[in-house]
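Undergrad: Provided herewith is a single structure, encoded as structure tokens, for subsequent inquiry.
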Amino acid sequence: MLLERLRGGPLPVVELARGMRVSRPAVSQHLKVLLEAQLVQVSVAGTRRFYRLDPRGISVLRSYMDSFLDEALGMGKGRMAGKE
């Protein structure tokens, strides 16, 4: 859900947490994990931290998922063909 909200552009934690069923500190912890995974970037403006998607990290994730799914689907087809 955080990544989905960030699709529209940079947002501070307060805005990201609004309407969520978890606390603002929990959202901050999730953002920390996304930051460490290089899926988001952060910039500071005054006392606020703005998070945005990291296009490079998202691209790496997409490449990995494409490869993973290609392999998984390929293996599935091979298994199906062997059972015929």
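Undergrad: Tell me yes or no: at least one residue of region 33-46 is part of a helix (DSSP H, G or I), surrounded by fewer than 10 Cβ atoms within 10 Å (Cβ to Cβ) and either among the aromatic types (Phe, Trp, Tyr) or at pLDDT 95 or above (or both).
TA: Of the residues in region 33-46, the ones part of a helix (DSSP H, G or I) are 33-36.
Going one step further and asking which of them are surrounded by fewer than 10 Cβ atoms within 10 Å (Cβ to Cβ), we end up with 36.
Now narrow it down to the ones that are either among the aromatic types (Phe, Trp, Tyr) or at pLDDT 95 or above (or both): 36.
The answer is yes, given that some residue of region 33-46 is part of a helix (DSSP H, G or I), surrounded by fewer than 10 Cβ atoms within 10 Å (Cβ to Cβ) and either among the aromatic types (Phe, Trp, Tyr) or at pLDDT 95 or above (or both).
Undergrad: Further, regarding this structure: Being closer than 24 Å to Tyr64 by Cα and touching a helix residue (DSSP H, G or I) at 6+ places or on another chain (Cβ under 6 Å) is the filter here; which residues of region 3-29 pass it?
TA: Within region 3-29, just Arg5 meets the criteria.
Undergrad: On to the next question. When you look at Asp66, is it out of contact with any Pro (no Cβ under 6 Å at 6 or more places or on another chain) and crowded, with 16+ Cβ neighbours inside 10 Å, yes or no?
TA: Details: out of contact with any Pro (no Cβ under 6 Å at 6 or more places or on another chain): yes; crowded, with 16+ Cβ neighbours inside 10 Å: no.
In short, no.
Undergrad: Take the residues in region 9-19 that are at pLDDT below 95 and assigned to a loop (DSSP other than H, G, I, E, B), then tell me which one is farthest from Gln29 (Cα to Cα).
TA: Gly19
Undergrad: Ok, one more. Within region 20-32, track down each residue that is among the hydroxyl-bearing types (Ser, Thr, Tyr) and either at pLDDT 95 or above or assigned to a helix (DSSP H, G or I) (or both).
TA: Within region 20-32, the subset among the hydroxyl-bearing types (Ser, Thr, Tyr) is 23, 28.
If the condition is that a residue be among the hydroxyl-bearing types (Ser, Thr, Tyr) and either at pLDDT 95 or above or assigned to a helix (DSSP H, G or I) (or both), then Ser28 is the only one that fits.
Undergrad: For Val60, state whether it is surrounded by fewer than 16 Cβ atoms within 10 Å (Cβ to Cβ) and modelled with pLDDT of 90 or more.
TA: Criteria met by Val60.
Undergrad: Looking at Asp70, Asp66, which is the one that is over 11 Å from Leu2 (Cβ atoms), among the acidic types (Asp, Glu) and either more than 17 Å from the chain's Cα centre (by Cα) or modelled with pLDDT of 95 or more (or both)?
TA: Working: Asp66 fails: either more than 17 Å from the chain's Cα centre (by Cα) or modelled with pLDDT of 95 or more (or both).
Residue meeting the stated conditions: Asp70.
Undergrad: Give region 7-42 a look and list any residue that's under 26 Å from Arg56 (Cβ atoms) and basic (Lys, Arg), or say none.
TA: Scanning region 7-42 gives Arg7, Lys32.
The values are calculated or read from the model by the stated rules, or taken from the named source; none is laboratory data. These figures come from a predicted structure and were not determined experimentally. So basically every Cβ, Gly included, is an ideal-geometry build from the backbone, and we count neighbours across all protein chains shown.
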